[in-house]
Amino acid sequence: MGLTRSQWWVLTMLYAKEGVTQSELADLMELEKPTLGRLLDRLEEKEWVERRADEFDRRVNRLYLTDKVQEVMRALRKTAATVRREAIGDMSNDERDRFVDTLIKIKSNLLNLDANRTSSS
């Protein structure tokens, strides 16, 4: 498909939140705005993503998936579903719940660590 993991992540987020602003997407993905801008540039070159000026504020770009990327998205969703099934296939519901809770806790700890470092600088 000629797609990096970061590009896949952007496409997946846009699929869920199409029409989001570039700034909102950077915040959602916890990416620096220039980093997201470069990812979007590459996706625009492939004609998979389109930036459109906000109708009320021309300084703001809203992001949309193009028709050209729909087949790619179908393939990505199918692959992701297969990988998920294989990865958690023999886990019980309780094991899955504990795993998700653990990941949430790890993320929270890392965010707090980052916040503490920022506030002590």
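The values are calculated or read from the model by the stated rules, or taken from the named source; none is laboratory data. Just so we're clear, the structure is a prediction, and the values are computed from it rather than from any experiment. Please note: Cβ atoms are built from the backbone with ideal geometry, for glycine as well, and neighbour counts cover all protein chains shown.
If you go through the stretch 39-56 one residue at a time, do you hit one that is closer than 22 Å to D114 by Cβ, part of a helix (DSSP H, G or I) and not assigned by TED's automatic domain parsing to the domain that holds L111? Scanning the stretch 39-56 turns up at least one residue that is closer than 22 Å to D114 by Cβ, part of a helix (DSSP H, G or I) and not assigned by TED's automatic domain parsing to the domain that holds L111.
If you check L76, L63, which single one turns out to be closer than 19 Å to K17 by Cα, part of a strand (DSSP E or B), assigned by TED's automatic domain parsing to the domain that holds E18 and touching a helix residue (DSSP H, G or I) at 6+ places or on another chain (Cβ under 8 Å)?
Details: L76 fails: part of a strand (DSSP E or B).
That would be L63, the only listed residue that is closer than 19 Å to K17 by Cα, part of a strand (DSSP E or B), assigned by TED's automatic domain parsing to the domain that holds E18 and touching a helix residue (DSSP H, G or I) at 6+ places or on another chain (Cβ under 8 Å).
Taking T35 as the residue in question, decide whether it is touching a helix residue (DSSP H, G or I) at 6+ places or on another chain (Cβ under 9 Å) and β-branched (V, I, T). Show your work before the answer.
On the way: touching a helix residue (DSSP H, G or I) at 6+ places or on another chain (Cβ under 9 Å): yes; β-branched (V, I, T): yes.
Judged against the criteria, T35 is a match.
Close contacts from the stretch 37-53, counting a first residue that is over 20 Å from D27 (Cα atoms) and surrounded by 14 or more Cβ atoms within 10 Å (Cβ to Cβ) and a second that is modelled with pLDDT of 95 or more and not aromatic (F, W, Y), with Cβ to Cβ under 6 Å and a gap of 6+ residues or different chains, come to W48/T66. Here Q70 passes the criteria (1) surrounded by fewer than 11 Cβ atoms within 10 Å (Cβ to Cβ); (2) over 18 Å from E30 (Cα atoms) except the one numbered (1).
Can you go through D97, D90, D101 and tell me which one is at pLDDT 90 or above and in a loop (DSSP other than H, G, I, E, B)?
Details: D97 fails: in a loop (DSSP other than H, G, I, E, B); D101 fails: in a loop (DSSP other than H, G, I, E, B).
Testing whether each residue is at pLDDT 90 or above and in a loop (DSSP other than H, G, I, E, B) leaves just D90.
Taking the criterion of being over 18 Å from E30 (Cα atoms) and under 20 Å from the mean Cα position of the chain (by Cα), no residue of the stretch 102-121 qualifies.
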